[in-house]
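The values are calculated or read from the model by the stated rules, or taken from the named source; none is laboratory data. Since this is a predicted model, take the numbers as computed values, not measurements. Here Cβ is always computed from backbone atoms with ideal geometry, including for glycine, and neighbour counts include all displayed protein chains. What goes into the accessible areas is simple: the full protein's heavy atoms, side chains included, and nothing from ligands, DNA or RNA. Shrake-Rupley method; radii C 1.70, N 1.55, O 1.52, S 1.80 Å.
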Amino acid sequence: MKCGHASISSPPDSVTCLKCSWDQWPDQSQEKCVQKVEEYLSYKDPLGAILTGVCLSMSLLPLGILGLFILHKNTPIVKANNRSLSYLLLLTLTVCFLCSLIFIGYPTPEKCLLRQAAFGITFSLCVSCILAKTIMVVIAFNATKPNSNLRRWVGHKFSYIITCVCTLNQSILCIVWLIISPPFSEYNIFSQPGKIIAECNEGSPIAFWLMLTYLGFLAATSFIVAFLARKLPDSFNEAKFITFSMLAFLSVWLSFIPAYLSTKGKYMVAMEVFAILASSLALVSCIFLPKCYLILMKPELNSKNHLMGRQKGHAN
């Protein structure tokens with residue numbers, strides 16, 4: 001007698017079928033139950049090990065850039081457009097790279113509780129810094145016009161207010177999520193036959209997608225403002241680089257959504273880790289690498305006259 005997919009003949013060739021326990025699966029002959037394979041994105045797994053190595057190595061990039069900026073802190077390219085906000089952004093990008101480590105390894109209750117909230121708040125702080133930098137570019141240019149009322153908004157305080165308010169909104173959303181319907185660890189025995197998938201249940205899918213939507217809203221706003229300001233008359237207009245960074249950032253996460261929904265198990269987690277690393281690298285590369293090139297390779301262009309567009313040479 002042929003038994004069902006989760007049952008065995010006991011004894012063999014009998015007409016009686018016995019259902020295996022939830023953590024077991026019939027062998028090929030369906031004569032005995034064997035232990036299901038437990039699956040999760042482990043540090044010992046080749047995929048998990050590669051992602052861990054990439055994460056740790058990439059996290060050194062913004063730290064190295066931060067060291068370079070501190071070393072050249074009094075040069076025009078570093079002082080332009082809020083030096084302290086650039087420092088904060090580089091530190092936040094380091095945390096963005098490192099927060100992907102929470103997604104690798106066994107999904108303990110503590111990891112499940114913290115990982116999406118840490119990701120959402122950290123990336124919101126990162127994009128909020130970029131939004132503040134973009135708005136300050138526009139304000140600083142328009143404040144130079146005669147009789148402009150924007151001069152009172154030029155300064156560090158306003159950029160910090162923008163950063164704090166935008167990050168606070170995401171923080172409140174995540175805190176409410178953790179209080180009302182917090183994520184938890186669970187065993188998924190239905191997605192893949194013969195496997196127990198140790199994973200995190202997000203608790204409230206609505207809260208998860210709201211978090212991503214808000215992050216997308218911040219990124220889209222930064223992109224629109226930067227795109228409109230990209231042609232301001234400045235030899236080293238940072239809005240152009242922010243436009244490219246936000247375009248790359250949005251492209252990564254728009255590609256992530258269908259890929260995330262179409263994968264299961266450890267590959268779903270790996271997909272989110274990859275999106276975190278790729279989007280963080282895009283921000284570092286587009287915003288800061290052109291400045292690093294100017295500092296290291298073209299120091300003669302790292303002058304106030306050049307940055308204000310008073311010379312013919314261009315950094316880009």
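Residue-wise test of (1) assigned to a helix (DSSP H, G or I); (2) among the hydroxyl-bearing types (Ser, Thr, Tyr); (3) out of contact with any strand residue (DSSP E or B) (no Cβ under 9 Å at 6 or more places or on another chain).
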{"position": "Leu178", "(1), (2), (3)": "yes, no, yes"}
{"position": "Glu186", "(1), (2), (3)": "no, no, no"}
{"position": "Ser191", "(1), (2), (3)": "no, yes, no"}
{"position": "Ala207", "(1), (2), (3)": "yes, no, yes"}
{"position": "Leu210", "(1), (2), (3)": "yes, no, yes"}
{"position": "Thr213", "(1), (2), (3)": "yes, yes, yes"}
{"position": "Phe217", "(1), (2), (3)": "yes, no, yes"}
{"position": "Phe227", "(1), (2), (3)": "yes, no, yes"}
Exception for Ser235 within (1) among the hydroxyl-bearing types (Ser, Thr, Tyr); (2) more than 30 Å from Gln116 (Cα to Cα); (3) modelled with pLDDT under 85; (4) part of a helix (DSSP H, G or I) falls at (4)
Any idea which residue in segment 10-50 is modelled with the lowest pLDDT, counting only those that are of a type in the set (S, T, N, Q) and open to solvent by 80 Å² or more (accessible area, probe 1.4 Å)?
-> Gln28
Evaluate the following for Ile77: is it assigned to a helix (DSSP H, G or I), closer than 30 Å to Phe190 by Cα and either among the aliphatic types (A, V, I, L, M) or without any contact (Cβ under 8 Å) to a residue 24 or more places away in the chain (or both)?
-> no
Would you be able to say whether some residue in segment 80-93 is under 30 Å from Asn302 (Cα atoms), in contact with a Cys (Cβ under 6 Å, 6 or more places away or on another chain) and not hydrophobic (A, V, I, L, M, F, W, C)?
-> yes
Matching residues in segment 80-91 - criterion: being closer than 18 Å to Tyr293 by Cα, under 22 Å from the mean Cα position of the chain (by Cα) and either in a loop (DSSP other than H, G, I, E, B) or not small (Gly, Ala, Ser) (or both) | Tyr87, Leu90
Per the filter on segment 170-212, residues within 20 Å of Phe123 (Cα to Cα) and aliphatic (A, V, I, L, M) are Ile172, Leu173, Ile175, Val176, Leu178, Ile206, Ala207, Leu210, Met211, Leu212
Mind listing just one residue for me: the one in segment 251-298 that is more than 20 Å from Phe123 (Cβ to Cβ) and of a type in the set (Val, Ile, Thr) and, of those, most open to solvent (accessible area, probe 1.4 Å)?
-> Thr263
Selected residue [of a type outside the set (Phe, Trp, Tyr), in contact (Cβ under 8 Å) with a residue 40 or more places away in the chain and either touching a Leu at 6+ places or on another chain (Cβ under 6 Å) or open to solvent by 40 Å² or more (accessible area, probe 1.4 Å) (or both)] from Leu113, Leu71 | Leu113
With respect to Asn142, determine if the residue is open to solvent by 70 Å² or more (accessible area, probe 1.4 Å) and either of a type outside the set (Asp, Glu) or modelled with pLDDT of 90 or more (or both).
-> no
